[in-house]
Structure formats: C-alpha cells, structure tokens
Amino acid sequence: MQVPVRSSLEGIEEYKPGKLVKGAIKLSSNENPLGPSPEVIREIVKSLEEGELNLSVYPWERNEEELRDEILSYIGLGTRMKKENIAIGAGVDGVLDTLVKIFIETGNEAIIPVPTFSLYESLVKIAGGKPRYVKRESGAQHFSIPVAGLISACNEKMKMIFISSPNNPTGNCISEDEVREIIESVPEVMVVIDEAYVEFADSSLVNLVTEYENVLVLRTFSKAFGLAGLRVGYAVIPEWLEKHYKRVSIPFSVNSIALTAAIAALRDKEHLRRSVELVRQERQFLIENLQRFFQVYPSEANFVLVNVSPAKSYAVYEELIKRGIIVRDCSSFRGAGDSLIRITVGTREQNELVVDALEGIFL
Ligand SMILES: Cc1ncc(COP(=O)(O)O)c(C=O)c1O
C-alpha cells in the first residue's frame, strides 16, 4: 500500500529544467557559453593528484572557510562584512531550501512577484506556506514590481518576500530606492533578493545587507562562473541569521570538488571578465537583431525575453527544436502568458543561428 504523503505536496509542480537534446544548441538554462575557467579544471586535477582533495573524506571546514574569505573579498564591502555574513549552499537552490525551512511554517505566507523563478513557489508550498502572487506590471512598465501593492499585500502571516533582480525570465532589476521602501515598510518580513545574474547587471543591492536586519542577497557560481554542474551558491546574510542557517542546513551540502572549484573560479578574474564581456556584447547583438521582428525586453541578465505574439511560445519553441536550437518556452512560468520565449545569450555563432532560425520561422 502506498503511504499517504504530506497534504502540502498537493498542487506542487515538479521542477522542469531546460530541455537537453543531444547535439542541439542549448540556450534554455542561462549557462555560461565559455564554460568554467580553465584554472578551475587545473586546480581540481592538481588537488586530486596531490591528495589535497581527498574524495574519501568529508569536505574540510578549512575549504569552506577559505571560500567564505574569497567571497568576502569578491563582494568588496571591506570591514562592513565578516565571514558570519556569508552562508554557503548547494547552489542558490540549496540556500533557498534552507532559508524557507528557517522562516516558513504551516499557515505562513510569502510574496512572489510573478513571472519569476518557480522554485520560490514550490519551496513555500512544500513548507506548508501560502504564496501570494503579485503580478508584475505589463506594457511599457516592463515587468516592474508594483511596490505599493506588494507592501499592502503584507499581513501578520507574511514571512518572506522573494525578489529576483535581475529577474528570471524578464531580465529587469528592481531599483535600490524601491527595495529600501519595501524593507523599511515591513521590518518583520525577510526580503530575499536573488542576484543569481548580478554579474551581468549594472549594479548590485548587496550593500543593503550592511544596513538592514531583514534583507539578504543570494548569489551563485552557476551563471557567470560557469559552474552550474557543481552546485555552489551563497547568501550574504545579516549576522544574526548565521546561527539559524547553521542549525538548519544539511551538513556538507557543498561537496569538496565544488568548494575547490569555487575558490579557483573567484581567483580567475580574467575568465569572469571575459564571460561578462561576452554576454554584454552578445546580448546587445541579440536584442538589435531580434527587435526587428519582435518585442524584445531590456535585459540586465545573460538572457533575453522575446514576445513572439501573435504566435504561441510553445509552437516557436517546437520549431526551434526542429532546427537544433533549444530555448525556454515561458508558458510554464506563472503569469507569463503563452507568447514569451527566453533565449540564453550564447556565442556569436550560436546567436546568429538563433536569429536566422527565428527569421526562417517567421518570414
Ligand atoms: C533567479 C534564479 N535563482 C536561482 C537559480 C538557481 O541557481 P543555482 O544554480 O545556484 O541553484 C536560477 C537558475 O536558473 C535562477 O534563475
């Protein structure tokens, strides 16, 4: 007999990752087209050969400490930040899982401005909480968050607010003034700013963590650092949260290869610079070429959002697959409608192929 599972699992959708088709160009998961830094590969191989990395022992605390130090110098807030402000996890996904366990219990609520990254919603529901969706503005507002509406949606059950900035899949950022207004209006609610794509953006909001107790910022090694397969991410948190994070997070959730890789990735500043430069240049190429046919939204991330209406996004997605290119059909994002596709910025060659393919479909 099948044993009954928790009722809070009802209505939770399984996470659907970007599709993988052998031989096709994958522009569906916002990965780095240059791959990881060659220094990362060298360091992993060298550490394994020299025994510094020993796969039969649990990850060393020393390596985690070293990574936290490297992250501190990378975010560059000087003495205003300490190791206690950095929490590491198995990707932003892993960090989010821990955070939701810390803040949400049955009957609590969390605000999610949609369309956005779907994991926030799933984790809140799994924890027995209730997501409150706030629809981002449409039309000329380009998916900005209705700040006054969001604040007025807060009640005594509200525990978390999830703001992806740059937002997946829309590519836009929230302004510092707007976030301050939210943080200051609801001091008893944790404001989570997901900066998974911040390296491609014009600015960051990480400095806010030094000023307020109810804000934290998430970052990842999966995008600009090209380490999505290794699953490393971190949160910049107010100091008081560290003890709770340590209590709740799974021990050793970041494996020793991932720790070694993340440290080496932060040290190779040149690879990061090249990756970001490529995305900024190629994002512009994609936008200029695609906006001849479609509405393309401004983006501060490593992807662009394209409105293919009156065509349907799933039909365009299918047509592109036939031509060997995988993009993201955004109809699975709550509140995104059925005419948006998201295209990861690739190399010039890949971007030319996707522009040509779309021209071929529509002309
Ligand atoms: C907004 C956002 N946050 C987090 C993630 C997941 O990051 P990670 O690979 O670090 O788990 C993604 C992945 O696409 C994302 O779009």
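A few comments on the model shown:
- When the test is whether a residue is under 17 Å from L266 (Cβ atoms) and out of contact with any Cys (no Cβ under 8 Å at 6 or more places or on another chain), A153 does not pass it.
- Which numbered condition L208 fails, given (1) over 16 Å from I75 (Cβ atoms); (2) surrounded by fewer than 23 Cβ atoms within 10 Å (Cβ to Cβ): (1)
- Tally, over segment 138-161, of residues that are more than 16 Å from the ligand (Cβ to nearest atom) and in a strand (DSSP E or B): 2
- Some residue of segment 320-327 being in contact (Cβ under 8 Å) with a residue 60 or more places away in the chain and in a loop (DSSP other than H, G, I, E, B): yes
- Single residue of segment 328-363 satisfying the filter (free of Cβ contacts under 8 Å to residues at least 40 places away in the same chain and of a type in the set (G, A, S)) that is surrounded by the fewest Cβ atoms within 10 Å (Cβ to Cβ): G360
- Every listed requirement among (1) touching a Lys or Arg at 6+ places or on another chain (Cβ under 7 Å); (2) surrounded by 15 or more Cβ atoms within 10 Å (Cβ to Cβ) is met by N289 save one, (1).
- Only one entry in R292, R342 is modelled with pLDDT under 95 and either out of contact with any strand residue (DSSP E or B) (no Cβ under 8 Å at 6 or more places or on another chain) or under 26 Å from C173 (Cβ atoms) (or both), namely R292.
- Within segment 292-319, being surrounded by 22 or more Cβ atoms within 10 Å (Cβ to Cβ), in a loop (DSSP other than H, G, I, E, B) and hydroxyl-bearing (S, T, Y) holds for one residue alone: S299.
- Single condition E156 does not satisfy, out of (1) at pLDDT 95 or above; (2) within 26 Å of A201 (Cβ to Cβ); (3) more than 22 Å from the chain's Cα centre (by Cα): (2)
Here is a yes/no grid of residues against (1) more than 29 Å from E84 (Cβ to Cβ); (2) aliphatic (A, V, I, L, M):
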position	(1), (2)
S138	yes, no
I145	yes, yes
M158	no, yes
E184	no, no
L216	no, yes
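- If only residues of segment 4-36 that are surrounded by 10 or more Cβ atoms within 10 Å (Cβ to Cβ) and β-branched (V, I, T) are counted, the one that is nearest to A357 (Cα to Cα) is I25.
- Some residue of segment 40-58 being within 21 Å of the chain's Cα centre (by Cα), within 18 Å of A264 (Cα to Cα), surrounded by 16 or more Cβ atoms within 10 Å (Cβ to Cβ) and modelled with pLDDT of 95 or more: no
- Listing of helices (runs of 4 or more DSSP H) fully contained in segment 162-270 that carry 3 or more residues being away from the ligand (no atom under 15 Å from the Cβ), of a type outside the set (S, T, N, Q) and at positive phi: none
- Taking the listed residues M1, M81, the one that is more than 22 Å from N255 (Cα to Cα) and crowded, with 20+ Cβ neighbours inside 10 Å is M81, with no other qualifying.
The values are calculated or read from the model by the stated rules, or taken from the named source; none is laboratory data. From a predicted model like this one, the values you see are computed outputs, not experimental measurements. Note that each Cβ is placed from the backbone with ideal geometry, even for glycine, and that neighbours are counted across all protein chains shown.
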